[in-house]
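Heads up, the thing below is written out as structure tokens.
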Amino acid sequence: MGERKIGLVATIAIAVAVLVGVTIALLVFDPRATGADALRTGGLAAGSVVALYALWLNDRRRRTEEKRQELETQRQELDRERYALEQQRQALEDRRTAQDHVRAADERFARAVELLGNEADQVRVGALHALAGLARSNPDYTQTVLDVLCSYLRRPFDHPKWTRSDDVEIAEELQRERTVRQTASKLVVSLLPTTDEVDPPRYDLDIAAAFMDRFDLSGRVVGRLDAQACRFRHRTNLEGAVFHRKVDLHDATFLHPLHARKAVFHDRLVLTCATSSAPVSFSLAEFHGEVALREARFAEHVSFAQASFRAHLDLRWASFSGGIDLRVSSPVPATALHESEVNTAADVSLPDGWDLDPLPSPNLARISAEPLRQDHAHG
């Protein structure tokens, strides 16, 4: 501010000097110039000095503003670079945290799996709960944990309740192992999404050849279920469950009732060579893929009442000693009936147009449907 005042004073002084000098010079060197003319010319010269100062001052102000804008631009650029560096630092920190989290989860998983081999049943139960907790806190681990739990259930288990008379005395060790297995089974179910969830994940279960006790998937969503040669004890409950991929129960054994009322099967249901000693219900179920009961044996009543079919039903060589209810929801599916047998002394309900062809054995007949007699060639 002081520099500007000095410049202004100096400009005024120079302008006055120019005014005086030009006026005197004209009066001295130009005899024709009057005093007024000399004064006017001096004033114009003084004004030019002031105008030149104003132009210089304006140019200086412009250059100062440009410099300020340039500095502001540089400051903004530095702020952007600082923000980008902060984002990179935060991303690196997040990545490091995530890696630490994954490493800790991996260590928890490894420790829990190792403890599954412990001789103490309470330690194995704790390990199962640790795995389930890991899956709940880390959804990416859910399928892996389910695979481990199912693998544990597939371990050999020679329990008399599944193979021999219920009156056999059970060793304490087997009883404890049964408790551990029941825990594993319940944890498997607890990790599956329910049908109330919107667009739930679809996890696969592989329990082939396992011994399952009170297996309850009611109201759960499952991807694929592999349960070939499984033995199911107590009630097996699939009521309201939704299966998005194949359900394979080939050669499975049901020692107690199988309830699959209102279950939805989006892919094939395979019950070939399966046996059941208790009632089986698929009433109001939905079948979007083939239903295969070929060579299955059912000692008690089987119900497909009001079930809906969108694909083929295969009953070839199946035996229904306790009767069957095939009054399915319209339309009646194309059905392979070759050598399918039913006990006529039991409750038998067939769709309109179907009939029973008596066999030489008492109370034994074959199911037939005239329009579908040739369908038994289906593979």
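The values are calculated or read from the model by the stated rules, or taken from the named source; none is laboratory data. Please read these numbers as outputs of a predicted model, since none were measured by experiment. Because the Cβ atoms are built from the backbone with ideal geometry, glycine has one as well, and the counts that use them run over all protein chains shown.
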Enumerated strands (runs of 3 or more DSSP E) restricted to region 235-350, each holding at least 2 residues that are out of contact with any Phe, Trp or Tyr (no Cβ under 8 Å at 6 or more places or on another chain), on the phi < 0 side of the Ramachandran plot and surrounded by fewer than 17 Cβ atoms within 10 Å (Cβ to Cβ):
347-349
Residue count, region 68-103, condition surrounded by 12 or more Cβ atoms within 10 Å (Cβ to Cβ) and either of a type in the set (Gly, Ala, Ser) or touching a residue at least 60 places away in the same chain (Cβ under 8 Å) (or both), comes to 0
Please find, within region 213-234, the residue that is surrounded by the fewest Cβ atoms within 10 Å (Cβ to Cβ) out of those that are assigned to a strand (DSSP E or B) and under 27 Å from the mean Cα position of the chain (by Cα).
Asp216
Out of (1) surrounded by fewer than 19 Cβ atoms within 10 Å (Cβ to Cβ); (2) touching a Ser or Thr at 6+ places or on another chain (Cβ under 7 Å), what's the single condition that is false for Gln143?
(2)
Looking only at region 173-192, decide whether some residue is modelled with pLDDT of 95 or more and part of a loop (DSSP other than H, G, I, E, B).
yes
